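For reference, the structure is listed below as structure tokens.
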Amino acid sequence: MKRALREKWILRTGLAMAGLVLLFLIIPLPKFSTDYATLLLSEEGVYLNAAVSRDEQWRFEPLDSIPFVFEKALLSFEDQYFYYHFGVNPAALLRASFQNIRQQKIVSGGSTISMQLARLSRPGKPRNIMQKLIEMLMAVKLELVYSKEEILLLYATHAPFGGNTIGLEAASWRYFRRSPFELSWAEAATLAVLPNAPSLIYPGKNSQALREKRDRLLRQLHQKKWLDDQSLALALLEPLPKPPDASPAHAPHLMNYLMKKQGAGRFQTTLSAGLQQNVNTIVAEFDAVYSGQGIHNMAALILDLRTNEVKAYVGNSLNHDNKQGESVDIIQAARSSGSILKPFLFAAAIEEGSVLPKMLLPDVPTYINGFMPQNFNRQYDGLVAADEALIRSLNIPFVLLLKQYGLAKFYDELVGLRFESFSKGADHYGLSMILGGGEVSLWELARAYSALANSLRSVDNQVHISDPVLIRGKASDNQVFSGIRKGSTWITLQALRQLARPDEEAGWHYFSSSRAVSWKTGTSFGFRDAWAVGLSSDYLVAVWVGNASGKGVSGLTGTSKAAPLMFRLFELAQQDQSQHEIPYDELKEVIVCKESGYLAGPDCDDNDTILIPLKANPGLICPFHKTIHLTKDGKYRVNSNCYEPGSMLTKKWFVVPPEYGLYYFAKNSSTRALPPFLAGCVQENQLSINYPLPGQQIYLPVDFDGQQNPLILEAAHEQYHSTINWFLGSRFVGTTKDKHQLALILPEGRHTITAVDTDANEASVTFTVKSKKH
């Protein structure tokens, strides 16, 4: 009988043990949501921005380790024997049972941290003996699979800290605005007691009870010698945290950009917290002024060129409750480039030698296959130095330079500089590519301009393209760009350091930092986009101003609106007034004509020595200086057909071709026009018609009242003070003197215009007129 009972007991015990083993095997390890919130930190670890997870919880990615003060506070409060038990503490369970029996209610659960972690993974389960048993088995399994440190990290990541705040790091940032590794003993103790009853006690709810629990724990820590007497006294005086405010929003566009690229997570950026907040403040100041002018959006980017790190990232202004498109990250948005790409064409042309820094470029009315570029001020210089055309951002000289350099070649240069918004081929953009016919982003501009500046630091004399660094300790891949090298970069940045800017875009000279900055602005067609990019030896500042909607505003230009903001930001970032060292190993000396900027020819008598890229092969001899022959008194030009050679006076003269003379002499009164020919001497190529061009089809608009607009005829004469008679076919239609422009109303059809001067020199052109109604 006894034997049968013993066998029965052994069988039942075995079955029970087998059941427990089976239950242990089939019970899964605790699983938790990996739907994390996003945390954006500065390079110093300052809290810049955050966003809740998709399930609306403040739950951050697991920490690498547990802060010392929090670990001691937590274990003292929740599980003093954590490092000694196997997931279940029998003594704690017995103590809890006696307490519950004595109090006639559940006052203690006796759960270890491992058991609590198991319970946290099973929300909504009732609290009964069966569930307790399952939690115990899960806790033992946890201890077999994970180390004690890993279990603590899991608990610290997923324990509730009140409301929708989950995990130690989320609680630390939300309640104390600092990293959990920077918590004081009082702050750590406050957080350690919260998971015990997170729905009943948390900052802002039952504060007195929370203080009592915190202070009791602090005294425990003092008894265990973790705090000395003075530390305890100071800790007890610390106030409790207030209910969490809204998360800071110092860099919301950057946070969204990183989340879009990499998903939610913890990002320690390269941003400087102080600089970022100061830039936000200045952008808000400018926004308050510009909003009254109908300009509602702006963006700013600051790079440290020494490290290629982003130090400030303001994707848009934030003062209109998103009524004006403030959610758009303008830094990453493609917008019309305006003139902001001209320095890259200038540098590329300088690199190959197709232009020299002060070489005269044409600036006259231009018509190319239906495309008629205009300068911003609607005026012409006739001829203008290349570097002056760059800093004044003249459109016509750069359209002609692009045509000369090669449209496809320059498109390839832009692609090489990683202007990824240019994706439709050179022919799609045409010559307007240099005037805003394509789109760029502020990010692309900063990347390309910083590559130019950093080439002056490179040891291989080449331009290296790489994305600016946003995440601390994470460098970007770079690629070599062969179209522009150190020498042409230095020449370009020197040109952009000159201070002269167009009068119609005044305002830049009020900023003292401009003397140490190479800078360029751009304005898109219709005053929709205003750009400014500046480079010192150490920093780059890039700015965009406009409306995210694309609405244009009269007076919105790069120099009048974007440049003032750019220079104000430079006052924050600028450390010194040092300049880039001259890269002599990438440059060579050449002798140029001072007046034309071309390589000096035999007729040039006032020359200068300049530096050009080592591999440049200009071969551009001055075409303007010529030897001319004059009468003895120097008043008239002559030749051997009409004047005794021995009596001729020979001089070197700067000769402006007729097609440029009208505009050039108006802007350069000190330049002497060619003397007229002596009566009876042969004269050639004295007269030309600049507009219309041969074979051109001209569309003349018709006003709303049905009146057709006139055609403006234009001619150039070698003699500035000359008279021209105009003929339509054989019919005389008018006379012009000095400035040869004549307004003429013409019917639709094919016409021939002839211009004749007083010496019977003539020029003719045939063209077609078509009317175009509004």
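Of note:
- Note on the range 551-634: along the principal axes its Cα atoms extend 62, 42, 25 Å, ordered by decreasing extent.
- When only alpha carbons are used to place a centre, the range 230-252 and the range 266-301 end up 27 Å from one another.
- For the range 597-731, the equivalent ellipsoid derived from the alpha-carbon gyration tensor has semi-axes of 35, 25, 13 Å in decreasing order.
- Surface analysis of the range 151-273 yields an accessible area of 44 Å² per residue, using protein heavy atoms and a 1.4 Å probe.
- When the Cα gyration tensor is reduced to axis lengths a ≥ b ≥ c, the ratio a/c is 1.5 or higher for the range 324-466, and with a/b not above b/c it is classed as oblate.
- Within the straight-line cut-off of under 20 Å between alpha carbons, the lysines reachable from K737 are K667, sequence neighbours fewer than 8 places apart in one chain being disregarded.
- Peptides 40-46, 641-647, 366-372 ranked from most to least packed by the mean count of surrounding Cβ atoms within 10 Å: 40-46, 366-372, 641-647.
- Close amide H partners of A385, meaning residues 5 or more places away or on another chain with modelled amide H under 5 Å apart, are L361.
- The residue among H740, I331, A763 whose Cα reaches farthest toward the positive pole of the charge dipole of the chain, with charges on the beta-carbon of Lys, Arg, Asp and Glu, is I331.
- Listed pairs K632/K739; K358/K615; K311/K551; K260/K424 exceeding 22 Å between Cα atoms: K632/K739; K311/K551; K260/K424
- Cα centroid separation, the range 32-55 to the range 336-374: 47 Å.
- Dipole magnitude (debye, nearest 20) for the range 125-240, charges at Cβ of Lys, Arg, Asp, Glu: 420
- In the range 192-271, one over the average inverse separation of all distinct C-alpha pairs is 15.9 Å, which is the Kirkwood hydrodynamic radius.
- For the range 293-386: accessible area per residue (Å², 1.4 Å): 31
- Stretched out straight at 0.36 nm per residue, the stretch from D606 to I368 would grow longer than its current Cα-Cα span by 82.2 nm.
- Chymotrypsin sites (Phe, Trp or Tyr not before Pro) restricted to the range 24-97 and DSSP loop, no more than 13 other C-beta within 10 Å: Y81, Y83, Y84, F86
- About the centre of its Cα atoms, the chain shows a dipole size close to 4140 debye [charges on the beta carbon of Lys, Arg (+1) and Asp, Glu (-1) only; nearest 20 debye].
- In straight-distance terms, cross-link reach from K72 covers every one of the lysines whose alpha-carbon lies under 28 Å from its own, apart from those fewer than eight places away in the same chain; here that gives K31, K132, K141, K148, K205, K213, K224, K225, K242.
- The translational diffusion coefficient of the range 236-293, from Stokes-Einstein at 4 °C and 1.567 mPa s with a Kirkwood hydrodynamic radius over alpha carbon pairs, comes to 89 µm²/s.
- Peptides 656-668, 419-431, 558-570 ranked from most to least packed give 558-570, 656-668, 419-431, packing being the mean of other C-beta atoms within 10 angstrom over each peptide's residues.
- Residue among S688, H629, T671 farthest towards the positive dipole end of the range 621-774, charges placed on Cβ: T671
- Net charge over other residues, Cβ less than 13 angstrom from the Cβ of P195 (K, R count +1; D, E count -1): 0
- Overall size of the range 612-664 from C-alpha positions, given as principal axis extents largest first: 48, 28, 18 Å.
- Cβ-defined net charge surrounding P613, 14 Å radius [Lys, Arg +1; Asp, Glu -1]: -1
- Mean residue ellipticity, 222 nm, helices only, the chain: the sum of -39500 (n - 2.57) across DSSP H runs of n ≥ 4, divided by residue count and rounded to 500, is -10000 deg cm²/dmol.
- Just so you know, the Cα atoms of the range 227-363 work out to an Rg and Dmax of 23.0, 84 Å.
- Diffusion coefficient of the range 150-235 by Stokes-Einstein, Kirkwood radius over Cα pairs, 25 °C, 0.890 mPa s: 185 µm²/s.
- Over the range 306-386, relative contact order from alpha-carbon pairs under 8 Å, at least 6 apart, %: 22
- Of the solvent-accessible surface of the chain, computed with a 1.4 Å probe over protein heavy atoms with every protein chain present, carbon and sulfur atoms account for 52 percent.
- Charge context of L662, other residues only, Cβ under 13 angstrom, K/R +1, D/E -1: -3
- Simple Cβ-charge dipole of the range 251-341, Lys/Arg +1 and Asp/Glu -1, about Cα centre, in debye nearest 20: 320
- Gyration tensor (alpha-carbon) shape descriptor, the range 170-211, a/c threshold 1.5: prolate
- Computed over Cα pairs, the Kirkwood radius of the chain leads via Stokes-Einstein (1.306 mPa s, 10 °C) to a diffusion coefficient of 49 µm² per second.
- Residue-normalised accessible area of the range 616-774, given per residue in Å² at a 1.4 Å probe: 54
- Amide hydrogen neighbours beyond the local backbone of F677, cut-off 5 Å, H modeled: R637
The values are calculated or read from the model by the stated rules, or taken from the named source; none is laboratory data. Model, not experiment: these values are computed from the prediction. Please note: Cβ atoms are built from the backbone with ideal geometry, for glycine as well, and neighbour counts cover all protein chains shown. Note: areas computed on protein heavy atoms with side chains; ligands, DNA, RNA excluded. Shrake-Rupley method; radii C 1.70, N 1.55, O 1.52, S 1.80 Å.
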